[in-house]
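Here the structure is laid out as structure tokens; the discussion comes afterwards.
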Amino acid sequence: MRLDGRVAVVTGGTKGLGRRIVEAFASEGCKVVAAGRDKSAGADLVESGGDVIVHEADVRDPESVDELMRAAAEYFGHLDIVVANAGVSRPGPAAQLAPADFADTMATNLGGVFHCTRSAVPYLERSEHGGRIVNLSSALATRVAPGASAYAATKAAVEMFTRVTAVELAPKGITVNALCPGLIDEGMTRSIKDNERVWALYAPKLAMGRLGSPDEVTAAALFLAGAESSYVNGHVLEVNGGLNW
Ligand SMILES: NC(=O)c1ccc[n+]([C@@H]2O[C@H](COP(=O)([O-])OP(=O)(O)OC[C@H]3O[C@@H](n4cnc5c(N)ncnc54)[C@H](OP(=O)(O)O)[C@@H]3O)[C@@H](O)[C@H]2O)c1
């Protein structure tokens, strides 16, 4: 039980990769608050037993995130781990991207990470295990994919935000790292194989010739959230099987 006695908040925890992270943490003894805008999507997570609750929260809204962290600490007694996983992708060439889509991508992917850090620190600094923040980045933070300008810019910013806050929060006993998946067979990338044109573009870039499995991402999330990563701070952990990109 690698996360025994710990309490985690996972944003975007009711669907996709976030949901897999919630399940993996719970199976390692962690009490987990899965957060998302659509609370009903997590109903079966709660019914499946274990210590998982679902909390409605919008990471774009600082008050909603304040309330999420407060609720987690109140319900389970403390807070040790935050996985800032909620994210959106609004693809399209920059010249044609709607300003509202650009703003929403920024507010969710970058604003959400900022709000989670800001709201969680007062609880994480009291963690007896050492606080952990894991921010979700993406292979597109450092690789060019036409049509992904807004998304990629937010993920590049998340990586730099991670490095700066890692240094700021180390004296409080909190580590901050980024988990950086490549193309994974889950969530927003799952359908990539179904689109012949898109798959033809990306398949040759996958050094292992396949998408990553969600379990390969949750293994890295468990490492960054647990005791084994106690001296890993400000790191961007790429989980992409090698990318020829
Ligand atoms: N799948 C991949 O291959 C891959 C690769 C690299 C990086 N990532 C990153 O991994 C993370 C999860 O992606 P995914 O593939 O699992 O995507 P997904 O299936 O689309 O899930 C996104 C999650 O974010 C939540 N969310 C979106 N906007 C939100 C908001 N304003 N407030 C709260 N929650 C919000 C969604 O829940 P609601 O709709 O209920 O709010 C959902 O649970 C993202 O940060 C993504 O950039 C994924």
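Laboratory data are not the source of any read-out in this text; all were calculated from the coordinates shown. It should be emphasised that the depicted structure is a prediction, and the values quoted were computed from it without experimental measurement. Cβ coordinates were reconstructed from backbone atoms using ideal geometry, including for glycine residues, and neighbour counts include every protein chain displayed.
Within the chain, what percent of beta bridges assigned by DSSP are antiparallel, to the nearest 5?
Approximately 5 percent, going by the DSSP bridge assignments.
How long are the semi-axes of the ellipsoid equivalent to the range 114-222, from square roots of 5 times the Cα gyration tensor eigenvalues, in whole Å, largest first?
Equivalent ellipsoid of the range 114-222: 32, 15, 10 Å, largest first.
About its Cα centre, how strong a charge dipole does the chain have in debye, to the nearest 20, once Lys and Arg get +1 and Asp and Glu get -1 at the Cβ?
Magnitude of the dipole: close to 640 debye.
At what distance in nm do the modelled label points of D215 and V198 sit from each other, each positioned 7 Å from its Cα along Cα→Cβ?
According to this spin-label approximation, the distance is 2.6 nm.
Okay, helix-only estimate at 222 nm for the chain: each DSSP H run of n ≥ 4 adds -39500 (n - 2.57), divide by all residues, round to 500 deg cm²/dmol; what do you get?
For the chain, the value works out to -11500 deg cm²/dmol.
Bin all alpha-carbon pair distances of the range 1-42 at 5 Å intervals from 0 and give each bin's fraction as a whole percent.
Using 5 Å bins, I get a P(r) of 6, 30, 31, 19, 10, 3 for the range 1-42.
Give the Rg (one decimal place) followed by the Dmax (whole number) of the chain, computed from C-alpha coordinates and expressed in Å.
When restricted to the Cα atoms of the chain, Rg and Dmax are 17.1, 50 Å.
Using the alpha-carbon centroid of each, what span in Å lies between the range 212-241 and the range 98-164?
Each part reduced to its Cα centre gives a spacing of 16 Å.
To the nearest Å, what is the center-to-center distance of the range 8-49 and the range 172-186, using C-alpha atoms only?
16
Around K193, under 13 Å between beta carbons, what's the net of Lys plus Arg minus Asp minus Glu among the other residues?
Overall, the nearby charge balance is -1.
7 Å from Cα along Cα→Cβ at both E67 and M188: what's the point-to-point distance in nm?
Computed distance between label sites E67 and M188 equals 2.5 nm.
Points 7 angstrom from Cα along the Cβ direction at D38 and K205: gap in nanometres?
2.7
Number of Lys-Lys pairs in the chain under 28 Å by Cα, sequence gap 8 or more or different chains?
Going through the chain pair by pair, I get 13.
Report the full-extension gain for the segment A156 to R2: residue separation times 0.36 nm, less the Cα-Cα distance, to one decimal in nm.
Extending this stretch completely gives an extra 52.4 nm.
Just want the ordering: L136, L237, L201, from fewest to most Cβ atoms lying within 10 Å of their own Cβ.
L201, L237, L136
S230 to R126: extension gain in nm, 0.36 nm per residue of separation minus the Cα-Cα distance?
Additional length available on full extension: 35.9 nm.
Sorted by average packing, counted as other Cβ atoms within 10 angstrom per residue and highest first, what order do 89-99, 14-24, 58-68, 171-181 take?
14-24, 171-181, 58-68, 89-99
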